[in-house]
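These notes concern the structure reproduced below.
The values are calculated or read from the model by the stated rules, or taken from the named source; none is laboratory data. Just so it is clear, the structure is predicted and the values come from calculations on it, not from any experiment. Methodologically, a virtual Cβ is constructed for each residue, glycine included, from the backbone with ideal geometry; neighbour enumeration extends over all protein chains shown. All accessible areas refer to the heavy atoms of the entire protein, side chains included, with ligands and DNA or RNA removed. Shrake-Rupley method; radii C 1.70, N 1.55, O 1.52, S 1.80 Å.
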Amino acid sequence: QKEVEQDPGPLSVPEGAIVSLNCTYSNSAFQYFMWYRQYSRKGPELLMYTYSSGNKEDGRFTAQVDKSSKYISLFIRDSQPSDSATYLCAMRSPGNTPLVFGKGTRLSVIA
Amino acid sequence: SQTIHQWPATLVQPVGSPLSLECTVEGTSNPNLYWYRQAAGRGLQLLFYSVGIGQISSEVPQNLSASRPQDRQFILSSKKLLLSDSGFYLCAWRGGNPSYEQYFGPGTRLTVT
C-alpha cells in the first residue's frame, strides 16, 4: 500500500460546480497536510495548509482533515475555468521529514 | 518576502553531457532545500534534500548529485546525462521550523536527446 493515494482523474466539471478532491494515507504519524495547485509547465503553488485534524477555509477553498479515517479533502466552491489544473495533496510527520505527495488529480472546469 | 529562483528555465542536452541546475532562495536564512523531479504523467519524486550547508540526503540512487555550497544555494548536477533524466526539475524550500510550509520554484524543463 502506498503511503498516499490520490485518484489521478481526470475530473471534468461544469463551471460553478462544487469540486471535491480527496487523498487517503496510511501513516498515522502524519500531522501536517497541504494542498498544491499546479498549472501546466509551472511549479506547484501552495493552496492550503492544515495542521492535525479539522477544517480550514480560504475563499472558495476548504480543506478538511479526518485523521481517524486517514482521509483529507479539498473542496472548491463555485469552480471557475481558471481552477483547471492538477491538484496535489502532500503530508508529513513531525520533525525534519520530507513531504510525501500524492500523484495529483487533474481537474478541468468547463465554461 | 521570500523568493525562489531556478535556472535555466528550459534545457536541451545530448545524452552523455554534463548537467548543472541552480536554485537560490531570497528572503530567508537556513532554509531546508529540496530537489524533485516530475516525469511526464508521473508524480513528484524527491531526489535530494538539505537541512544545512554541506548536508545532503539522497532519496534515490542514480547518476545525479546535489551540493549546497552556500546557505541559500542548491545545485543539482550530473556528469553524464541519460535519456531517463528528462523531466521537470523542481527546487523547493521550507523554513527551519518543522511546522513551516514548503514552497516550490518555477522549475527547469530538461530534455535529454
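A few remarks follow.
- Within the stretch B:60-72, the presence of a residue that is within 11 Å of another protein chain (Cβ to nearest Cβ), touching a Ser or Thr at 6+ places or on another chain (Cβ under 8 Å) and either within 19 Å of A:Arg92 (Cβ to Cβ) or at pLDDT 95 or above (or both) is excluded.
- Filter result for B:Gly43 (open to solvent by less than 50 Å² (accessible area, probe 1.4 Å) and on the phi > 0 side of the Ramachandran plot): no
- For A:Met48, the conditions (1) free of Cβ contacts under 8 Å to residues at least 60 places away in the same chain; (2) in contact with a strand residue (DSSP E or B) (Cβ under 9 Å, 6 or more places away or on another chain); (3) open to solvent by 60 Å² or more (accessible area, probe 1.4 Å) all hold with the exception of (3).
- Answer residue from the stretch A:77-101, given it is part of a loop (DSSP other than H, G, I, E, B) and at the interface with another protein chain (Cβ under 7 Å from one of its Cβ atoms) and is nearest to B:Leu44 (Cα to Cα) among those: A:Leu99
- Tallying residues that are in a strand (DSSP E or B) and within 10 Å of another protein chain (Cβ to nearest Cβ) within the stretch B:90-107 yields 7.
- Filter pass, A:Tyr25 being touching a residue at least 40 places away in the same chain (Cβ under 8 Å), under 14 Å from the mean Cα position of the chain (by Cα) and open to solvent by less than 20 Å² (accessible area, probe 1.4 Å): yes
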